[in-house]
Amino acid sequence: MKKIPYGRQNIDSTDIKAVEDVLQSEWLTQGPAVGQFEQAVLEFCGATYAIAFNSATSALHVACMAAGVGAGDLVWTVPNTFVASANCALYCGGMVDFVDIDAKTYNMDVAKLADKLADCRATNKQLPKVVIPVDFSGQPCPLAEIRKLADEYGFIVIEDASHAIGATYRESKIGDCAYADMTVFSFHPVKIVTSGEGGMITTNNAKLAEKAGLLRSHGITRTPGLMVGENHGDWYYQQIDLGFNYRMTDLQAILGYSQMKRIEAFLARRRQLAVQYDEKLSGLPLVTPYLTDDVNSAWHLYVVLLKNGAERKRIFDAMRALNIMVNVHYVPVYTQPYYEKLGFGAGLCPVAEDYYWRTMSIPMYYDLTDQEQDYVVGILKELLA
Ligand SMILES: *Cc1c(COP(=O)(O)O)cnc(C)c1O
């Protein structure tokens, strides 16, 4: 059997043609295609502003800066995520802390968030300036409850929706920022839609959008209204903040734009595969994904929970040996050696740790055929028998 990855991109001839056209155009770096891609994402999810970046990691960094995170400020996120969701706080000189996940959804446990906030208030401990919930595997987290706590405690919500473009929460489409102050998407090849590398912030807040746009490109502006003092002429620009070169190229943007035209097909196939997995795996001694009834997942990942760590390792190794490239999402961020050096250690978030030892992501991507899926399920059944 050929290699079956846990996830991969689909690039068709229209995507290739779009990139070729840009290669032959006047612009390679950030140009008109970036605007087209931003507009396509805005139209798809219904926010007011979109700012594209060269990665979601860059977007998360800038989102934290736009939210005002600086030396000594506190950012809370979940341990069950990619390290970038926490690193972005450290880039700003801030500190990070973690809220455990819910045992069923694997998303931030909002009751634990509420308790931790109440405890900080009661004991006069520092409250977070920003909370970064993650829509794990494509399932939106409990956004309304998080918003309510944000209003009560005065923190900014940066929703890491790297897994979740196309997901919905109640009446809201992820990225419309009905609950979050900023939402961040990733367009890494393994995600739902790809631009090779890329990320985006969406927001309805003009100030945050302006700041994010500035920081994306060195803190430089050509907008006379933003300048200090006199505008010397058409050549003139001013650096009014300390930003970065986090720009997306037009090559990447046009690929993302072309892929956005196909997003409904991508999402539909993922949904279908998820339904089929749910059916085919029912009755087996493993836990299939649980969705709350107010969400639709974008199905970036399909994760199953095995009985214990030994069982997970046995099945993981056996499937990899058969070229079924299962994976694990995620090692709790704070157990990474870098975070342990900062003083974190095992035991902080027991639910995320138990989850980590038992979880396995099985193949989930647009091109996965029914036959391949049946093969994966058949092997799992044999291994669990
Ligand atoms: C992929 C991912 C990121 C980082 O995305 P890049 O575009 O690779 O920088 C951040 N957070 C989560 C949850 C992710 O899955």
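Bear in mind that the values in this text are calculations on the coordinates, not laboratory data. None of the values given here were measured: they were computed from a predicted structure. Cβ atoms come from the backbone with ideal geometry, glycine included; neighbour counts cover every protein chain shown.
Between segment 116-158 and segment 169-236, the alpha-carbon centres lie 22 Å apart. When the convex hull of its Cα atoms is viewed from all sides, segment 309-348 shows a mean projected area of 3.5 nm². The distance separating the Cα centre of segment 9-56 from that of segment 297-322 comes to 34 Å.
Which whole-number percentage describes the relative contact order of segment 102-213, with Cα contacts under 8 Å and a sequence gap of 6 or more? Computed over segment 102-213, the figure is 18 percent. So, how do all the Cα-to-Cα distances of segment 24-119 break down into 10 Å bins, in percent, from 0 on up? Reading upward from the zero bin: 14, 31, 33, 16, 5, 1. Going from the fewest other Cβ atoms within 10 Å to the most, the residues GLU197, GLU230 appear in the order GLU230, GLU197. Note on the chain: helix-only mean residue ellipticity at 222 nm, from DSSP H runs of 4+ residues weighted -39500 (n - 2.57) and normalised by residue number, equals -12000 deg cm²/dmol.
Looking at the chain as a GNM with Cα springs under 10 Å, which of THR369, THR223, THR57 has the largest mean-square fluctuation? Looking only at THR369, THR223, THR57, the largest GNM fluctuation is found for THR223.
Spatially, segment 244-296 and segment 330-348 are offset by 29 Å when compared through their Cα centroids.
Mean projected area of the convex hull spanned by the Cα atoms of segment 30-179, taken over all viewing directions: 8.8 nm². Treating segment 152-240 as a set of equal point scatterers at the Cα positions, no solvent, please give the Debye-formula log₁₀ I(q)/I(0) at q = 0.24 Å⁻¹. Each listed q corresponds, in turn, to -1.14.
Here the Kirkwood formula, the inverse mean of 1/r across different C-alpha pairs, assigns the chain a hydrodynamic radius of 21.7 Å. Averaging 1/r across all pairs of distinct Cα atoms in segment 252-371 and inverting the result yields a Kirkwood radius of 16.6 Å. Comparing GLU311, GLU171, GLU43 in a Gaussian network model of the chain (Cα springs below 10 Å), the most mobile by mean-square fluctuation is GLU171. Taking every alpha-carbon pair under 8 Å whose residues sit at least 6 apart, the chain reaches a relative contact order of 23 percent. The ranking of LEU113, LEU60, LEU74 from fewest to most other beta carbons within 10 Å of each one's beta carbon is LEU74, LEU113, LEU60.
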